[in-house]
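Since the structure comes first, as structure tokens, the remarks are kept for the end.
The values are calculated or read from the model by the stated rules, or taken from the named source; none is laboratory data. No experiment lies behind these values; they were computed from the predicted model shown. Cβ placement follows ideal geometry from the backbone for every residue including glycine, while neighbour counts extend to all protein chains displayed.
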């Protein structure tokens with residue numbers, strides 16, 4: 001059934017958002033360029049389409065994204081700012097406005113990426129997935145189109161994981177406050193995990209399969225499976241062995257094995273956690289490119305400068321400089337004092353970076369764990385509100401039926417009372433006659449007795465119906481009282497989100513900023529050491 005049109009821009013304006021134009025229009029949703037009226041902040045605002053397939057579920061996906069990502073401040077996950085429903089039931093979601101382009105566009109231009117760049121990009125994706133997994137969610141949509149290379153990031157290829165509208169949470173209970181997100185049915189099947197193709201429950205292992213498929217594409221220049229027919233393509237993910245990566249690729253040791261482990265058919269055969277994938281990716285980054293051979297040559301070659309922000313590559317860069325110095329002087333202690341000072345600076349900066357990264361990871365994990373508890377409580381409360389609303393609607397309908405039954409009983413009793421009054425009037429008329437015979441009174445009295453009997457029956461029915469009405473009214477009152485209590489508990493969770501949640505997110509964001517500062521300091525120390533090595537070569 002077609003719903004009456006609503007004034008989308010008007011309703012969103014009431015929420016404080018001014019629509020400026022359309023950014024993307026798809027089959028199931030439209031993304032608008034918008035601005036928050038009070039703060040003047042530019043945002044991206046996603047609204048589900050008026051009549052998409054399974055529109056209630058589409059709106060539910062946006063509300064799930066809002067439930068999971070509200071308050072989240074993370075450098076590699078798109079920031080979700082607000083969400084809600086329009087009067088016609090459609091969902092809307094407000095996100096930060098990103099600048100740059102997605103990885104799909106990059107692949108269309110360059111076909112494949114060098115191993116170091118591919119690992120650097122996917123490492124950030126896995127970091128973002130780890131945050132979602134700790135919050136109890138599975139992304140289910142890892143694909144190049146949902147990996148955004150932000151031009152406003154802190155370094156080249158700064159990744160933002162986008163499209164949180166497919167998140168799966170827990171068992172996806174169909175009795176939740178909004179429609180369940182359901183099985184993965186949207187988007188390209190090029191990176192589809194086999195278990196999701198079979199309609200099984202999504203787990204973090206599903207995201208790791210997609211990570212492996214995307215990484216395969218970045219390295220090989222094509223996805224692991226291709227077919228013009230989506231059904232056959234899905235069947236390949238389920239049944240076919242993954243083709244090996246091309247043999248002519250210059251890959252660091254362990255990277256090919258990691259890709260194949262992520263692409264295992266059985267979820268239990270894939271990496272178990274985001275941290276285990278990160279450890280493997282970091283190890284691969286350290287192995288990208290050949291290390292220079294130690295040599296006593298008077299003019300050793302200097303390693304190339306790594307890109308800003310890639311901690312593992314800067315660590316490898318500093319190790320290469322150390323190896324070069326040892327090869328030149330036999331021992332680092334034999335180097336000139338400026339070189340020794342530079343080496344000590346690098347050591348101290350690297351220690352500070354490692355400590356800040358450990359602290360940030362610990363703070364981020366604690367923040368996500370606390371957020372997961374709030375998400376679970378909010379889901380349970382929203383589900384309870386949904387159940388209560390359904391019970392309340394049923395009870396109110398039953399109350400209306402009871403009220404109608406009482407009304408009908410009272411009307412029937414009133415009709416009997418009217419007939420009773422008429423019967424008494426007839427007796428009165430008969431008694432006032434000139435001649436009064438018992439035979440004349442007997443039928444009139446019989447009629448009165450029958451009416452009184454009928455009235456007693458109706459009175460009993462009215463009483464029973466009033467009692468049923470009272471019981472239903474009491475159940476309605478109890479449901480309303482319980483709903484009020486649940487709403488209060490839900491409000492407490494919302495306050496906790498704004499208080500403890502925002503404070504925790506602020507601490508996590510501050511720790512992430514400290515890591516960036518430590519990374520810059522480490523890069524500065526490495527550049528200083530690089531300068532000392534250049535001076536050695538020039539000398």
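Observations, loosely collected:
- In the set 47, 43, only one residue is at pLDDT 95 or above, within 21 Å of the chain's Cα centre (by Cα) and crowded, with 16+ Cβ neighbours inside 10 Å; that residue is 43.
- Qualifying residue in segment 261-275 (condition: buried (at least 17 other Cβ atoms within 10 Å of the Cβ), within 11 Å of residue 115 (Cα to Cα) and over 23 Å from the mean Cα position of the chain (by Cα)): no
- Selected residue [touching a helix residue (DSSP H, G or I) at 6+ places or on another chain (Cβ under 9 Å) and modelled with pLDDT of 95 or more] from 525, 477: 525
Quick grid of which residues meet (1) closer than 28 Å to residue 51 by Cα; (2) buried (at least 20 other Cβ atoms within 10 Å of the Cβ):
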site: 74; (1), (2): no, yes
site: 94; (1), (2): yes, yes
site: 100; (1), (2): no, no
site: 111; (1), (2): no, no
site: 121; (1), (2): no, yes
site: 126; (1), (2): no, yes
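- When each of 362, 390, 374 is tested for being surrounded by 15 or more Cβ atoms within 10 Å (Cβ to Cβ) and part of a helix (DSSP H, G or I), the lone residue that passes is 374.
- When residues in segment 146-164 are screened for being surrounded by fewer than 19 Cβ atoms within 10 Å (Cβ to Cβ) and at pLDDT 95 or above, 0 of them pass.
- All told, residue 258 falls short of being surrounded by 15 or more Cβ atoms within 10 Å (Cβ to Cβ), over 24 Å from residue 221 (Cβ atoms) and at pLDDT 85 or above.
- Residue ID - nearest to residue 220 (Cα to Cα), chosen from residues in segment 53-73 that are in a loop (DSSP other than H, G, I, E, B) and in contact with a strand residue (DSSP E or B) (Cβ under 9 Å, 6 or more places away or on another chain): 72
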